[in-house]
Each structure stands twice: as C-alpha cells, then as structure tokens.
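Colleague: Below you'll find the structure I mean.
Where a number appears in this text, it was derived from the coordinates with a stated rule and is not lab data. Predicted model only: the values in this text are computed from it and were never measured. Methodologically, a virtual Cβ is constructed for each residue, glycine included, from the backbone with ideal geometry; neighbour enumeration extends over all protein chains shown.
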Amino acid sequence: MRGLYAIVDVTALKSAGLSPLPFAEAVLSAGPAALQLRDKSSQRGGGAMLALLRALVPMCRQRGVPLFANDRADLARLAGCDGVHLGQQDLPGDLAREFLAGGRGGQVGISVHCEADLERALAERPDYIALGPVFDTSSKKNPEPTLGLDGLAHLARLVHAAGLPSVAIGGIDLGRAPSVAERSPCSAVIGALVMTEGYACIAARARELHALLCGGPTQE
C-alpha cells in the first residue's frame, strides 16, 4: 500500500450534501491505494451499506482499487469486497479472516492507537495496520489521544519490523501530507476529500493528495 487510502464516510458526505457513489467515482479517478466505505449509521441493519458496497465493487474493480468495508465482515463477504477494516471494539481480526474465507476470502486491516493495541493486533494476523489519530480529527465523536508525527514514526517502525504496511489516519490534509508520507507509506483521508465545490474539485484534490502521500510531485 502506498499513497492515498480514501475513505467514503457516508455521514460526512451527507452533512456536506454529497452522494457516496459520485464521490467515490471522483476519488477513484486518482487511482488510490484503496477505498473504504464507512457508514456508522448502518450498524444495526446494514441494508443501505450493503447496497452501496455492491455498487462500489464493480467501480473499484474497473480501476483495480481494493475495496474495504468498515467494521462489517458480514457485509464485506456478502458484497464480495476485497476485505474489512476493523477497530479495537470490532470482531477480532483472526475471526474476521475466517469469516471472509467462507466467501471469496479477503484482507483484514486493524486500527491501533498505542503499542498495547499494536501487540494485540499483530497476534490477529492482519494484512495492514492503521495508526492514529495522528492529528485531531472530526470524524469521531470521542477520538483517542493523538499520536503526533513522532508517535506515528515510532509505531510505523514497529509495524514495518513485523513485515506489514502501515496506514496513517487522522487529520491528514494537504499541508500535513508530506510530513506524514515521510513516516508512513500510506495514509487514510476522510475530511480533506469532502469538498462542497463539486466532484471535479474532489477528483483534483484526490490526485493531489495521492501524489503528495506517495512522496512524488503533484499531478496536474
């Protein structure tokens, strides 16, 4: 994984008057490392999230971009996603992998916030580890303490020593992207992609972020 890990956050998009599928199409035009659907409003039933995942699968496959479902291994399996992303309070990673293997299989990513979280997560055999929040973020009601750049660098070294890719997350924008890219090869972004100026501007922002997070020059 390298560059932009784009997150389609249904709640954030709704607040901005944006639709998930056109937003995803705009972001996918940048060729990000991965796309994740995050819908905290679908934690009980999940019908709306499943429908979105099923619509996103062909879009992502056409671009060659892996699609992850946030939290919901059941919906990831039903929709045929490439994997699931889990938090500290979700299904353990090894159990999620077994569940996904009952379908077409898939990858498992786990969020961690400290060394103790990381130790537990590594025991669950994930495919990547998300580290954060690096900076203050508005995507969570009760966010964990921020890592800062030094904390990110420390945890990222431990993740890479374990032979896994790291994904930085939390408050990453254009100004912070170069510094974050020096410490983690991939970064997840929500807020910096949610723009009310239109989907063409979102596509341009995604390309710019992806280039910065890859450590290369900004694409026109």
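Colleague: Quote the FRET efficiency, to the nearest 0.05, computed for residue 162 versus residue 40 with a Förster distance R0 of 35 Å and r equal to the Cβ-Cβ distance.
Modeller: Details: r = 29 Å, r/R0 = 0.83.
So, using R0 = 35 Å, E works out to roughly 0.75.
Colleague: Just one of [x] 34; [y] 42; [z] 29 is percent of Cα pairs over 26 Å apart as worked out from the coordinates here. Which one is it?
Modeller: [z]
Colleague: Could you work out the relative contact order of region 31-71? I mean the mean sequence separation of Cα pairs under 8 Å and 6+ apart, divided by the number of residues, in percent. Mind showing how you got there, number by number?
Modeller: Details: 35 pairs, mean separation 26.2, N = 41.
Across region 31-71, relative contact order equals 64 percent.
Colleague: Then there's this: Please sort 194-207, 62-75 by packing, taking for each peptide the average over its residues of neighbouring beta carbons within 10 angstrom, highest first. Let's see the in-between values first.
Modeller: Working: 194-207: 16.8, 62-75: 21.1.
So the peptides 194-207, 62-75, ranked by packing, come out 62-75, 194-207.
Colleague: Relative contact order (percent) for region 3-214, with alpha-carbon contacts under 8 angstrom and 6 or more residues of separation?
Modeller: Numbers: 436 pairs, mean separation 47.0, N = 212.
Dividing the mean separation by the residue count of region 3-214 yields 22 percent.
Colleague: Can you classify region 1-89 as rounded, prolate or oblate using the Cα gyration tensor, where a ≥ b ≥ c are the square roots of its eigenvalues, rounded means a/c under 1.5, and otherwise it's prolate if a/b beats b/c and oblate if not?
Modeller: It is rounded, given that a/c, with a ≥ b ≥ c, falls under 1.5.
Colleague: Also: Tell me, in nm to one decimal, what length is gained between residue 115 and residue 173 on full extension, where the rule is 0.36 nm per residue of separation less the Cα-Cα distance? Before the final figure, lay out each step's value.
Modeller: Numbers: separation 58, 0.36 × 58 = 20.88 nm, distance 2.49 nm.
Additional length available on full extension: 18.4 nm.
Colleague: Report, by chain and number, residues whose modeled amide H sits under 5 Å from the one on residue 167, excluding near sequence neighbours (fewer than 5 apart, same chain).
Modeller: Here the answer is 129, 130, 131, since their amide H atoms fall under 5 Å of that of residue 167.
Colleague: Report, in debye and to the nearest 20, how large the dipole of region 3-214 comes out about its Cα centre when Lys and Arg carry +1 and Asp and Glu carry -1 on their Cβ. If you can, show how the numbers build up before the last one.
Modeller: Numbers: 20 positive and 21 negative charges, 111 e Å.
Dipole magnitude for region 3-214 comes out near 540 debye.
Colleague: Gain in length, residue 21 to residue 101, computed as 0.36 nm per residue apart minus the alpha-carbon separation, to one decimal in nm?
Modeller: Value of the extension gain: 26.1 nm.
Colleague: Tally the DSSP beta bridges in the chain and give the antiparallel ones as a percent, rounded to 5.
Modeller: On the way: 0 of 29 bridges.
For the chain, the DSSP antiparallel bridge percentage is about 0.
Colleague: Can you tally the net charge around residue 75? Count Lys and Arg as +1, Asp and Glu as -1, for every other residue whose Cβ sits under 11 Å from the Cβ of residue 75. Present the calculation step by step, with values, prior to reporting the outcome.
Modeller: Numbers: positive: 54, 72, 77; negative: 39, 71, 74.
Value of the local net charge: 0.
Colleague: Note down the net charge around residue 153, summing +1 for each Lys or Arg and -1 for each Asp or Glu among other residues with Cβ under 11 Å from its Cβ.
Modeller: Working: positive: 157, 183; negative: 150, 182.
Value of the local net charge: 0.
Colleague: Still on this structure, please answer the following. Just grab the label-to-label distance for residue 136 and residue 123, each label 7 Å out from Cα along the Cβ direction, in nm (one decimal).
Modeller: About 3.5 nm, to one decimal.
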